[in-house]
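A.B. asks: The structure under discussion is supplied below as structure tokens; questions concerning it will follow.
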Amino acid sequence: MQPQPTPDPATLLRDIAPPVDVFPYPVWMVVIAALLALILLGLLLWIIVKWCRRQAISPPLLPHERALQQLAEARAQAPTADPHQFGAQVSDILRAYIGQRYGLPATRQTSPEFLAAAADSPLFSDEKRAALSTFLEKTDLLKFAHFEATSEENLALCDSAEQVVRGDQPALAA
């Protein structure tokens with residue numbers, strides 16, 4: 001065997017490769033993709049803001065507004081409601097209203113205790129005290145003595161509670 005000639009070192013070296021493009025997309029594609037991303041981001045932000053505004057907390061109802069709303073809901077149930085439960089419900093609505101409106105513990109007092117506190121209070125007129133006394137007497141009969149009441153009597157109970165609440169409403173400017 002014959003010895004192989006040694007190759008020339010200059011032929012063993014390869015030439016340097018040209019630079020390779022790392023980013024495979026042209027500039028115009030990048031600009032369009034960025035604009036589309038900005039548009040989508042803006043649309044998403046607009047949807048979120050619109051949803052948040054829709055979910056914003058509405059101002060709390062005033063005590064008389066809340067009481068009238070609850071009494072309207074109770075009125076819808078009056079024809080079919082159990083008189084005992086209906087009397088308790090309407091009484092609780094009016095007592096909660098008086099507690100919020102006047103700062104009296106009407107929900108934690110018995111009817112005689114509440115009427116005694118109302119008698120000493122300058123917040124209640126004689127007519128209002130009489131209306132409250134009649135109302136509480138009727139609701140106590142329904143709640144504790146389990147008196148029977150017709151749907152008309154249930155509606156009349158709602159009417160008397162609404163009259164008490166409406167009598168307390170501040171006068172609206174004309």
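The values are calculated or read from the model by the stated rules, or taken from the named source; none is laboratory data. What you see is a predicted model, and the numbers here were worked out from it, not measured in a lab. Positions of Cβ are generated from backbone atoms using ideal geometry, with glycine treated the same way; all protein chains shown enter the neighbour counts. SASA here: full protein model, heavy atoms, side chains in, ligands and nucleic acids out. Shrake-Rupley method; radii C 1.70, N 1.55, O 1.52, S 1.80 Å.
A.B. asks: State yes or no: is Thr139 more than 31 Å from the chain's Cα centre (by Cα) and modelled with pLDDT of 85 or more?
C.D. replies: no
A.B. asks: Applying the selection to the stretch 48-61, what residues are open to solvent by less than 90 Å² (accessible area, probe 1.4 Å) and either assigned to a helix (DSSP H, G or I) or closer than 20 Å to Asp92 by Cα (or both)?
C.D. replies: Of everything in the stretch 48-61, those that are open to solvent by less than 90 Å² (accessible area, probe 1.4 Å) and either assigned to a helix (DSSP H, G or I) or closer than 20 Å to Asp92 by Cα (or both) turn out to be Ile48, Val49, Cys52, Leu61.
A.B. asks: Give the stretch 90-145 a look and list any residue that's among the basic types (Lys, Arg) and either more than 21 Å from Asp159 (Cα to Cα) or touching a residue at least 24 places away in the same chain (Cβ under 8 Å) (or both), or say none.
C.D. replies: Matches in the stretch 90-145: Arg101, Arg108, Lys128, Lys138, Lys143.
A.B. asks: Could you please find all residues in the stretch 19-29 being open to solvent by 100 Å² or more (accessible area, probe 1.4 Å) and either among the charged types (D, E, K, R) or in a helix (DSSP H, G or I) (or both)?
C.D. replies: Those that are open to solvent by 100 Å² or more (accessible area, probe 1.4 Å) and either among the charged types (D, E, K, R) or in a helix (DSSP H, G or I) (or both): Asp21, Val27, Trp28.
A.B. asks: Of these, Ile16, Ile32, which one is part of a loop (DSSP other than H, G, I, E, B) and of a type outside the set (Phe, Trp, Tyr)?
C.D. replies: So the residue among Ile16, Ile32 that is part of a loop (DSSP other than H, G, I, E, B) and of a type outside the set (Phe, Trp, Tyr) is Ile16.
A.B. asks: Something else about it: Quickly run through the stretch 117-157 and pick out the residues that are charged (D, E, K, R) and part of a helix (DSSP H, G or I).
C.D. replies: Asp120, Asp126, Glu127, Lys128, Arg129, Glu137, Lys138, Asp140, Lys143, Glu152, Glu153 - these are the residues of the stretch 117-157 that are charged (D, E, K, R) and part of a helix (DSSP H, G or I).
A.B. asks: In the list Gln69, Gln89, which residue meets the criterion of being open to solvent by 90 Å² or more (accessible area, probe 1.4 Å) and part of a helix (DSSP H, G or I)?
C.D. replies: Gln69
A.B. asks: On the given criteria, is Ala81 of a type in the set (Gly, Ala, Ser), within 30 Å of Glu148 (Cβ to Cβ) and out of contact with any helix residue (DSSP H, G or I) (no Cβ under 7 Å at 6 or more places or on another chain)?
C.D. replies: no
A.B. asks: Another question about this same structure. Across the stretch 143-162, what is the number of residues that are in contact with a helix residue (DSSP H, G or I) (Cβ under 8 Å, 6 or more places away or on another chain) and open to solvent by less than 60 Å² (accessible area, probe 1.4 Å)?
C.D. replies: Counting residues in the stretch 143-162 that are in contact with a helix residue (DSSP H, G or I) (Cβ under 8 Å, 6 or more places away or on another chain) and open to solvent by less than 60 Å² (accessible area, probe 1.4 Å) gives 9.
A.B. asks: Is one or more of the residues making up the stretch 104-112 closer than 25 Å to Ala78 by Cβ, at pLDDT below 85 and open to solvent by 50 Å² or more (accessible area, probe 1.4 Å)?
C.D. replies: Yes, there is a match, as at least one residue in the stretch 104-112 is closer than 25 Å to Ala78 by Cβ, at pLDDT below 85 and open to solvent by 50 Å² or more (accessible area, probe 1.4 Å).
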